[in-house]
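Everything below concerns the one structure shown next.
No value in this document is a laboratory result; all are computed from the given coordinates. The structure presented is a predicted model; accordingly, all values stated were derived computationally and were not measured. Heads up, the Cβs are rebuilt from the backbone with ideal geometry, glycines too, and the neighbour counts pull from every protein chain shown.
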Amino acid sequence: MNFENQTQHIKHKPDLNFGTIFSRSIELFKKVWLQGFIILLLTFVVILPFYIVMYIPMIAMGLTDPEAFRHNELPPMVAIAMIILVPVIAIGITTFALALNAAFLKICKQKDLEEVAKDDYFYYFKEGRIGKVFILALYVFGLSILGALACGVGMFYLMVPISLIPAFLSFSNDLSPSEIVKASFILGNKNWLVIFGLVLIMSIVAQLGFILCCVGVLFTAMLGKVPIYYMYKDGVGFDEVI
């Protein structure tokens, strides 16, 4: 389905129901908690090198000039290197996080519809798909900057469409990156309050894993991602798009 037809389809779909999505998300999470845990571990492993790279200028400064840490100001070259590295690293982390989140949503669909398929955690790293993910990461980074410039208030609005991007990446294969962003805004604007509430409440519920000696949060953190699957399923649908 092309972008125009999908847009009309979203507009004619019933509004999302908070209670229905919440309860189904809890039930589905019981089937995908292990996959969510693996995705979380993979995310940590993948983004760890980016954080190491970010601190390379400071490590190099410490090795070449140990006295520099006694001053509050960074040397100009180190400051410039950090300014250049931070956005590059942020985009890199966003790229890999988007790819893994989209793979998790695809697994959610398989478990929900009882499809017989293996759990492919690296689906979006294969066959050139990562290029599309990278472009989407640029969009997300740009939108985040705009939200931050709006005194942070813009982020409350933008977090809704941004949270939907992995779902459109996972299930709307025919859309270009720019069309995925536009479609996310269309669905997000139509159901903004419901989506915002679900994202917020599910994120809070997911943090209850801290009760289990803090380690439990590793098993519950991905609960906050499961409602995104149902937002797409109820707000767009699969039969008409896939």
Notebook entry, point to check: At Thr7 and Lys190, where each label point lies 7 Å from the Cα along Cα→Cβ, what is the point-to-point distance in nanometres?
Noted result: 1.3 nm
Note to self: With unit charges on the beta carbons (Lys and Arg positive, Asp and Glu negative) and the dipole taken about the Cα centre of the chain, which residue among Val199, Leu48, Ile80 sits farthest to the positive side?
What the structure shows: Val199
Next item on the list: Compute the acute angle (0 to 90°) between the alpha-carbon long axis of helix 18-54 and the principal axis of greatest extent of the alpha-carbon atoms of the chain; round to the nearest 10°.
Entry: 20 degrees
Notebook entry, point to check: Each residue of the range 188-204 in turn: what ³J(HN,Hα) in whole Hz from Karplus with 6.51, -1.76, 1.60 and θ = phi - 60°, glycine and Pro shown as x?
Noted result: x, 5, 5, 10, 4, 5, 5, 5, 4, x, 5, 4, 5, 5, 5, 5, 5
Check: Given springs between every Cα pair under 10 Å in a Gaussian network model of the chain, which of Lys30, Lys190, Lys111 has the largest fluctuation?
Finding: Lys30
Check: Between Trp33 and Ile201, what length in nm is gained on full extension when 0.36 nm per residue of separation is reduced by their alpha carbon distance?
Finding: 58.7 nm
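Need one number for the range 149-202: average projected area of the convex hull over its C-alpha atoms, nm². Each step should come with its number before you reach the end.
Numbers: hull surface 16.3 nm².
Across all orientations, the range 149-202 yields a mean hull projection of 4.1 nm².
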Notebook entry, point to check: Which of Glu27, Glu114, Glu179 moves most in a GNM of the chain, Cα contacts under 10 Å?
Noted result: Glu114
Note to self: I'd like the FRET efficiency for Ile145 and Met82, computed as 1/(1 + (r/R0)^6) with the beta carbon distance as r and R0 of 22 Å, rounded to 0.05.
What the structure shows: 0.85
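Compute and list, largest first, the equivalent-ellipsoid semi-axes of the chain from the alpha carbon gyration tensor, each √(5λ) rounded to a whole angstrom.
Details: eigenvalues 235, 89, 65 Å².
Three semi-axes, in Å: 34, 21, 18.
Would you compute, from DSSP H runs of 4+ residues alone, the mean residue ellipticity of the chain at 222 nm, taking -39500 (n - 2.57) per run and dividing by the full residue count, rounded to the nearest 500? If you can, show how the numbers build up before the last one.
Details: 10 runs with 176 residues, N = 242.
Taken over the chain, the calculation gives -24500 deg cm²/dmol.
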Next item on the list: Give me the angle, in degrees from 0 to 90, between the Cα long axis of helix 76-112 and the longest principal axis of the Cα atoms of the chain, rounded to the nearest 10.
Entry: 20 degrees
Next item on the list: Please find, in a Gaussian network model of the chain (springs between Cα atoms separated by less than 10 Å), the residue of Thr95, Thr20, Thr43 whose mean-square fluctuation is greatest.
Entry: Thr20
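Given contacts defined as C-alpha pairs under 8 Å and at least six residues apart, what's the relative contact order of the chain, whole-number percent?
Details: 260 pairs, mean separation 79.7, N = 242.
For the chain, the relative contact order is 33 percent.
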Notebook entry, point to check: In the chain, with Lys and Arg counted as +1 and Asp and Glu as -1 at Cβ, which of these residues, Ser23, Leu218, Tyr157, has the Cα nearest the positive end of the dipole, that is, farthest along it?
Noted result: Ser23
Check: Between Ala60 and Ile26, 0.36 nm times their residue separation minus their Cα-Cα distance comes to what?
Finding: 7.5 nm
Check: What are the lysines whose alpha-carbon lies under 18 Å from the alpha-carbon of Lys13, with same-chain residues fewer than 8 places away excluded?
Finding: Lys182, Lys190, Lys233
Check: For the range 124-231, max minus min Cα coordinate along each principal axis, in Å, sorted largest first?
Finding: 42, 37, 24
